[in-house]
Amino acid sequence: MSITECIECNGKVSTTAKACPHCGAEDYKENAYFSFVYNVVENGSKYFPAPMMGVIGYTMIVAYIWVLLNIPFIVAVAVEFTKEAVALPNVIYKWSSWVIDIYVDFYIAIYDLLLKMLF
């Protein structure tokens, strides 16, 4: 048997009680999801230290932006792979090869830049 707080009157209530003895509320227990979220918000530094949260947050932002910026490349590669199976207008095929050329040139330039910076 443990003691919890009533969500209606904040009085102390046994977890085995059918109703709060102070206010009579039958639904005095917090729901599990709210309790978990509240606990993480109040004691977040115990679960996730601030530096770790920063790393996770920045990683999520960078991954989201990277995927968002690569959507044209992903679509263009999909068009190139389905060239034999699906009949699309010529303009789409020209666009896809143009996009692939641009992205490949861009990533080669970044790779060269990184090599110059590191070595």
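The values are calculated or read from the model by the stated rules, or taken from the named source; none is laboratory data. Everything numeric here is computed off the predicted structure, so don't read it as measured data. Using ideal geometry, Cβ is built from the backbone for each residue, glycine included, and neighbour counts are taken over all protein chains shown.
The table below lists the values:
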read-out	value
Neighbours by Cβ (under 9 Å, 6+ apart or cross-chain): first from the range 69-83, closer than 17 Å to PHE106 by Cβ and without any contact (Cβ under 8 Å) to a residue 24 or more places away in the chain; second among the hydrophobic types (A, V, I, L, M, F, W, C) and surrounded by fewer than 12 Cβ atoms within 10 Å (Cβ to Cβ)	ILE74/VAL67
Residue in the range 54-68 that is farther than 30 Å from SER97 by Cβ, outside the structural domain of GLY11 (by TED's automatic domain parsing) and modelled with pLDDT under 80 present	yes
Per-region count, the range 79-94, residues surrounded by 11 or more Cβ atoms within 10 Å (Cβ to Cβ) and either touching a Phe, Trp or Tyr at 6+ places or on another chain (Cβ under 9 Å) or part of a helix (DSSP H, G or I) (or both)	6
